[in-house]
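Everything on this sheet refers to the single structure shown next.
The values are calculated or read from the model by the stated rules, or taken from the named source; none is laboratory data. Bear in mind the structure is a predicted one, so any value in this text is a computation, not a measurement. Cβ placement follows ideal geometry from the backbone for every residue including glycine, while neighbour counts extend to all protein chains displayed. The protein model used for the area step is the full one, side chains on, heavy atoms only, and it has no ligands, DNA or RNA in it. Shrake-Rupley method; radii C 1.70, N 1.55, O 1.52, S 1.80 Å.
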Amino acid sequence: AMAAAQRDRVVPAAEWLQKWAAGKTAFHKERGHPLLQKNLDVLLNGRSGLRIFFPLCGKAVEMKWLADMGHHVVGAEISEQALKEFFAEQGLPYHEEPVPGISGAKVLQSMSGNISLYCCSIYDLSSAVVGKFDGVWDRGALVAVNPCDRQRYASLMISLMEKNSSYLLVTVLYDPNKHKGPPFYVPESEIRSLFG
Ligand code: SAH
């Protein structure tokens with residue numbers, strides 16, 4: 001019953017913005033995610049100078065890690081506060097530009113140019129705006145997408161991937177009948193049908 005209830009639940013954008021405003025961001029990992037360290041070779045596959053995408057990026061510190069390794073990092077996040085906290089906490093100066101073609105959106109870009117964070121809904125983006133990527137780090141992204149938007153999200157992500165790109169996805173296994181989150185339960189069978 002809860003699994004079905006989860007399917008119909010929607011977390012509106014305003015609720016995410018409130019979480020950031022109230023500092024209720026327990027999902028943020030100050031020290032980065034151990035699974036990225038562990039699977040870094042899968043993501044990079046011996047390649048250098050990659051374009052790596054962080055959907056629903058929050059202020060993930062892994063964006064700095066990968067940029068420091070010489071990759072170009074692009075993120076998408078609706079909370080401007082999250083993006084500003086990212087640059088402040090990482091000690092990185094940045095500048096802001098409007099995004100041609102997406103009204104109300106802006107991109108916050110590190111002065112060195114290797115980190116570009118789009119402040120807009122991920123659904124406003126396309127490869128025409130952000131290009132295509134060699135790698136994707138999806139942690140707290142697919143699982144945070146409203147279940148009714150999963151198909152749209154997956155199609156968008158596929159459209160943003162280069163031919164040989166690698167997609168690292170973190171999900172959480174738990175009994176959706178016993179727990180309400182983190183935010184949504186995505187069974188492996190659904191991941192297979194979404195990404196093929
Ligand atoms: N990936 C990050 C943050 C996970 S929490 C991490 O690992 O820490 C999910 C984030 O998605 C929140 O910061 C929320 O503000 C953002 N978000 C929710 N819906 C979004 C949307 N449609 N477009 C872009 N960002 C969104």
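Once the 1.4 Å probe is applied to the protein heavy atoms, the chain comes out at 51 Å² accessible per residue.
Once the Cα-Cα distance is subtracted from the 0.36 nm per residue extended length, the residue 39 to residue 103 segment shows a gain of 19.4 nm.
Which percent of the accessible heavy-atom area of the chain goes to carbon and sulfur, probe 1.4 angstrom? Of all accessible area on the chain, carbon and sulfur atoms account for 52 percent.
Dipole size of the chain about its Cα centre, with +1 on Lys/Arg Cβ and -1 on Asp/Glu Cβ: approximately 340 debye, rounded to the nearest 20.
So which DSSP H runs in the chain come out at 27 Å plus along the axis (Cα) with average Kyte-Doolittle of at least 0.5? Membrane-span-like by this criterion, though nothing is claimed about a membrane: none. Scaled against the 2.2 N^0.38 Å expected of a compact globular protein of N residues, the Cα radius of gyration of the chain reads 0.99.
Between the amide H of residue 94 and those of 111, distances stay under 5 Å, these residues lying 5 or more places away or on another chain, with hydrogens modeled in the peptide plane. Computed extension length for residue 90-residue 159: 21.8 nm, one decimal, from 0.36 nm per residue of separation with the Cα-Cα distance subtracted. Reported to the nearest whole Å, the Cα centre-to-centre distance from region 132-196 to region 33-87 is 16. Amide H to amide H, which residues 5 or more places from residue 166 or on other chains are under 5 Å from it, using H placed in the peptide plane? Correct list: 135, 136.
Given their separation in residues at 0.36 nm each and the Cα-Cα distance between them, residue 26 and residue 128 gain 33.4 nm when the chain is fully extended.
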